[in-house]
Amino acid sequence: MPKIDEKLHNVTARLIAAAEMAGRDPAHVALVAVSKTQPAEAVEAAYRAGQRRFGENYLQEALDKQTALAALTELEWHFIGPIQSNKTRAIAEHFQWVHSVDREKIARRLSEQRPESLPPLQVCLQVNLDDEPNKSGVTLAQLPDLARAVYALPRLQLRGLMAIPAPRETRVEQRASFARLRTALEALRDENMALDTLSMGMSADLEAAVAEGATLVRVGTDIFGARQAPTG
Ligand SMILES: *Cc1c(COP(=O)(O)O)cnc(C)c1O
């Protein structure tokens, strides 16, 4: 079994190759290592190999890891899972980024609860690209209204959009999904919102995402291996 540092290196090489293939600067594609269900030791191994951004889906598990790894001061934590109202305060206090905002009520709470001592919380809106009934995310139809509301909140900095498209077999189909998210971001920028982030692409489809302009790619399995059962 390859070790975490080797797998991280392989994923980084894939991102660079995909950026170069697309004529993009690889420096504009950042990797979020998705460490959900993985132990703090795995995060530390990736950190020692140079990784700084980590994505977590489950609040309590993430807080436990943050406590265990408090000595690693350069860690940047991204919350990427569904957000319940009663979790917003801890998210606002303990993360630098949130990718999964899909309701105005949640955004308002995060803004109100973001400590004054910290910079604004960096936020992406999660879009349900395929209107899948059991998936989080705002629909493309409702996105502009939500974006305008979130953009105006004082303690959030809206950076862009995130999506987890329905699985597609071919690279061409994967790219078509990601292109729809890119087009949605461009439409918001046309309304003079200063947005620069497309959080898209995972282990199975990161090449297609980078080809369509991903700036944050969220990769779990191909760095850490198969996941353990979630801890809730
Ligand atoms: C788990 C997860 C990922 C990582 O998926 P892999 O297929 O393991 O790379 C990315 N984004 C979100 C929102 C996730 O929940």
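With protein chains left intact and a 1.4 Å probe, residues in the chain average 47 Å² of accessible area per residue.
Enter the mean projected area of the convex hull around the alpha-carbon atoms of the range 100-232, in nm², rounded to one decimal.
Details: hull surface 37.2 nm².
Dividing the Cα hull surface by four gives the mean projection, 9.3 nm².
For the range 83-211, the share of accessible area belonging to carbon and sulfur comes to 48 percent (1.4 Å probe, ligands and nucleic acids excluded).
Placing +1 on the Cβ of every Lys and Arg and -1 on the Cβ of every Asp and Glu, with no other charges, gives the range 138-199 a dipole of roughly 160 debye about its Cα centre. I need the fraction of alpha carbon pairs in the chain separated by more than 22 Å, rounded to a whole percent. Tail fraction, whole percent: 51.
Between the listed residues A71, A30, A19, the Cα displaced farthest toward the positive end of the dipole of the range 12-76, a dipole computed from Cβ unit charges relative to the Cα centre, is found at A19. Placing +1 on the Cβ of every Lys and Arg and -1 on the Cβ of every Asp and Glu, with nothing else charged, gives the range 92-143 a dipole about its Cα centre of roughly 140 debye.
Computed over the Cα atoms of the range 1-119, the ratio of the radius of gyration to the Kirkwood radius (Rg/Rh) comes to 1.01. The calculated FRET efficiency for the pair E41 and D131, based on their C-beta separation and a Förster distance of 35 Å, comes to about 0.30.
Each peptide in 148-155, 188-195, 50-57 was scored by the mean count of other Cβ atoms within 10 Å over its residues; highest first, the order is 50-57, 148-155, 188-195. A straight chain from Q228 to R52 at 0.36 nm per residue would run longer than the Cα-Cα distance by 61.2 nm. Set against the 2.2 N^0.38 Å expectation for a compact globular protein, the range 54-158 has a Cα radius of gyration ratio of 1.06.
Give me the dipole magnitude in Debye, nearest 20, for the range 51-202 about the Cα centre, with unit charges on the beta carbon: positive for Lys and Arg, negative for Asp and Glu. Intermediate results must be reported in sequence, preceding the final value.
Working: 20 positive and 20 negative charges, 19 e Å.
Roughly 100 debye for the range 51-202.
Could you order peptides 62-71, 210-219, 100-109 by the average number of other Cβ atoms within 10 Å of their residues, highest first?
Those peptides, ordered most packed to least, come out 210-219, 100-109, 62-71.
The values are calculated or read from the model by the stated rules, or taken from the named source; none is laboratory data. Given the structure is predicted, the values throughout are model-derived calculations rather than measurements. Cβ coordinates were reconstructed from backbone atoms using ideal geometry, including for glycine residues, and neighbour counts include every protein chain displayed. Surface areas here come from the heavy atoms of the whole protein model, side chains and all, with no ligands, DNA or RNA. Shrake-Rupley method; radii C 1.70, N 1.55, O 1.52, S 1.80 Å.
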